[in-house]
């Protein structure tokens with residue numbers, strides 16, 4: 001930081017303000033953050049607001065506050081970068097392992113012992129859109145033979161997902177009805 005002790009207080013404040021902005025821009029740019037200008041200005045404004053609450057003109061105390069907040073920002077950005085790296089690594093895992101990892105993380109993060117993670121199936125968004133389009137055409141009586149066949153196929157997929165989701169919920173809510181292989185226990189009538 002430049003030596004600005006002999007300057008009037010408004011010039012000193014402006015110089016420190018620009019120095020802080022420059023340092024924040026350096027930190028954000030180094031971390032590869034988008035919109036560094038906007039983020040730096042926002043962080044600087046929050047610092048200024050915090051400093052307004054300090055009932056002293058002690059420049060050293062203000063500088064310590066600046067540095068402490070800048071260090072917190074740098075740590076947060078480093079944690080964000082680590083998260084990005086972890087996600088990139090996880091993206092290379094097979095989907096089944098990604099789901100197992102997500103389940104373990106969610107269960108570990110929950111303090112509720114009755115917490116469960118369930119995987120429910122749904123149609124892909126493009127199939128949902130196509131189903132809605134075909135249903136609308138069918139309601140208007142404008143479907144072709146091929147579209148009716150496609151509508152039946154999508155309807156079958158929806159029904160299968162509903163059945164699978166019902167079984168998943170039943171296993172979660174009534175585990176005593178299923179054996180260790182997750183097959184339903186057949187009960188004989190007395």
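When the chain is fully extended, how far beyond the present Cα-Cα distance does residue 170 get from residue 120, taking 0.36 nm per residue of separation? Walk me through the intermediate numbers first.
Numbers: separation 50, 0.36 × 50 = 18.00 nm, distance 1.21 nm.
Full-extension gain reported as 16.8 nm.
Please give the FRET efficiency for residue 74 paired with residue 109, using the beta carbon to beta carbon distance and R0 = 25 Å, rounded to the nearest 0.05.
With R0 = 25 Å, the Cβ-Cβ based efficiency is 0.50.
Calculate the length of the line joining the C-alpha centroid of segment 23-50 to that of segment 102-178, in whole Å.
43
Show me 19-29, 90-100 ranked by packing, highest mean number of other Cβ atoms within 10 Å first.
In descending order of packing, they fall as 19-29, 90-100.
When a/c is below 1.5 the answer is rounded, else prolate if a/b is larger than b/c, else oblate, so apply that to segment 118-190 with a ≥ b ≥ c taken from the square roots of the Cα gyration tensor eigenvalues.
Taking the square roots of the gyration eigenvalues as a ≥ b ≥ c, segment 118-190 is prolate.
Given an 8 Å cut-off on Cα distances and at least 6 residues of separation, report the relative contact order of segment 118-190 as a percent. Walk me through the intermediate numbers first.
On the way: 37 pairs, mean separation 27.4, N = 73.
Here the relative contact order equals 38 percent.
Here, each number is a calculation from the coordinates, and none is a lab measurement. Keep in mind it's a predicted model, so treat the numbers as computed, not measured. Note: ideal-geometry Cβ built from the backbone for every residue, glycine included; neighbour counts use all protein chains shown.
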